Amino acid sequence: MHDPDVVVPLLKLDAIKQGEDGSLSGLKEQMDTMKTSRPYLFTTTQPSKGGFAGSPDNTKAGAAQTPNAAINAAIRGAAGFGE
């Protein structure tokens, strides 16, 4: 995804529900539709992680997850970039 700041406002957040197990429903369907209708918002290669030298790598297994990090991971997964 080129710019999450552009994609997130296009999501119908009231249509995304979180199950008791933490899984999200409604997000993947919206992302799939958006990939078809607005393909320019998505990249075909894995973007760099960015950051600066010495910044923590929150992508490692067992890293502490904030609520935003969990949502971001779900959006990346629905966009086809894995978690």
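Since every read-out is calculated from the coordinates, none of them should be taken as a lab result. Since this is a predicted model, take the numbers as computed values, not measurements. Methodologically, a virtual Cβ is constructed for each residue, glycine included, from the backbone with ideal geometry; neighbour enumeration extends over all protein chains shown.
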Distance between modelled label sites at residue 72 and residue 13, nm, 7 Å Cα→Cβ extension: 1.7 nm
Sorted by Cβ neighbour density within 10 Å, fewest at the top, the residues 1, 31: 1, 31
Net charge contributed by nearby residues that have their C-beta within less than 15 Å of residue 39 (K/R +1, D/E -1): 0
